[in-house]
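These notes are about the structure you will find just below.
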Amino acid sequence: MTPEAVTVAVDWSGRKTGADKVIAVAEVRGGQLTRVVDGLSREQVITDLLSLKESGVDLVVGFDFSFSLPSWFVHEQGLSSAPELWDLASRDGERWLADCEPPFWGLKGTRKPDHDGLRATEHEVISRLGIRPGSGFQTSGAGSVGAGTLRGMPFLTALRDQGFSIWPWDQAASPLVVEVWTRIAVGKTVKSRPDARLEMLSAFGSSIPHGLREEAGRTEDRFDAVVTALWLDSSRPELLGLPASRDPLVVSEGWTWTGHTEGLPMDNLTP
C-alpha cells in the first residue's frame, strides 16, 4: 500500500520568548489543505513532525529559516559543512545573538557590515527571481532572519538524528526536510492586507476547503504557512529523489528549494 503523501510547511520564529504566538504550521494531504495551526512552541513543532514520521506517511517538510550561513563564516569556525555548524549553533548560538558581534548585526549600537552577508543560493534567487532574501547575520529589526536561523539549526540535528533526510546534504527522500523561503511561494501578494490574503487563498480553489479558508488567512503567519505548504506540495515530483550534493560550497552553505532545479549546481549531485 502506497503511503499517504503529506506536506508540511512551518512558518518559523526567532523570538527568544513568545515564539509560539507567531509560529504557524500548515499540512497538506493529497493536494488539499487539511490543517493549519498556531500556538505551538518550537519543541512542539518538532514533536508533531516526529509523530507524523512515526505514522508512516510519505512526508516532506519545509522550514523558512536559513539552514546555514555563508561559507567563509563556516570556514572561519574551523568547519567544512553546515551540519557541523548546526552543532556549533546549539552551543554558541545564544551567545552570538546576545553579543551580536561582527559579522552579526541588528541590535542597537551595531552596524551593518559592508558585505551583504548572503549565500550563493540567495544570490541565485536575487538574479533569477528578482527578490532579495535577508542576511542570516541580521539578528533583529525589520526583515531579520538571523535569530530564526540560529535558533532553528539545532533542531535540524535533532530531526536528522531521528531519521529525517535533510536536503541537500542527504538524498531527498521521505521523511524529508528542506529549506524554503515563503516569499517565493507568496510572490507579490501584499500579505499584510486581509483582502489580498483571501484573494490569493481563493485562487487555490478546492485545494483549500471552504471551512479552512478563513482560518488559513486569519494571520500573516498562517497565510505564509498555508501558501508555502501548497506550493511545496506541488513541487514534490521534482524534489523527491534529488541526490545529495557533494559540491563543497553547497555542503557548507546549503541550498534553498525554489520549486525546481534551475540554478542548482547539478554537476556535483551524487547518489
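Bear in mind these aren't lab numbers, they're just calculated from the coordinates by the rules spelled out. Keep in mind that what you see is a predicted model, and the values were worked out from it rather than measured. Cβ sites come from the backbone with ideal geometry, for glycine too, and all protein chains shown count toward neighbours.
Before moving on, here are some points about what is shown:
- Considering only GLY217, GLY146, GLY56, the mean-square fluctuation computed in a Gaussian network model of the chain, springs between alpha carbons under 10 angstrom, is largest for GLY56.
- Bridge type composition, the chain - antiparallel percent by DSSP, nearest 5: 50 percent
- Under DSSP loop assignment and at most 16 Cβ neighbours within 10 Å, longest GluC sites (Glu not before Pro)-free interval of the chain: 5-261
- For LYS53, the lysines whose Cα falls under 26 Å of its own Cα, not counting residues fewer than eight places away in the same chain, are LYS21.
- When only the Cβ of Lys, Arg, Asp and Glu is charged (+1, +1, -1, -1), the dipole of the stretch 30-173 relative to its Cα centre reaches about 360 debye.
- With N the number of residues in the chain, Rg(Cα) / (2.2 N^0.38 Å) evaluates to 0.96.
- The chain: DSSP helices with Cα axial extent of at least 20 Å and average Kyte-Doolittle hydropathy no lower than -0.5: 146-161, 220-234
- Working note: Karplus 6.51/-1.76/1.60 with θ = phi - 60° gives the stretch 11-20 the couplings 7, 7, 8, x, 4, 6, 10, x, 4, 4 Hz, where Gly and Pro are set to x.
- Applying both filters, DSSP loop and at most 16 other Cβ atoms within 10 Å, to the trypsin sites (Lys or Arg not before Pro) of the stretch 48-123 gives LYS108, ARG111.
- Spin-label pair GLN44-LEU129: with each label point 7 Å from Cα along the Cα-Cβ axis, the two points sit 2.9 nm from one another.
- Under a model in which nothing but the beta-carbon of Lys, Arg (+1) and Asp, Glu (-1) is charged, the chain shows a dipole of about 680 debye around its Cα centre.
- Kirkwood-type radius of the stretch 166-239, with distances r between different C-alpha atoms, in Å: 13.2 Å
- Around the amide H of GLY62, modelled in the peptide plane, lie the amide H atoms of VAL8, ALA9, VAL10, VAL178, all under 5 Å away and 5 or more residues distant in sequence or on another chain.
- Using every pair of separate Cα atoms, the Kirkwood estimate puts the hydrodynamic radius of the stretch 1-95 at 15.2 angstrom.
- Formal net charge of residues neighbouring ASP87 (Cβ-Cβ distance under 15 Å; K, R +1; D, E -1): 0
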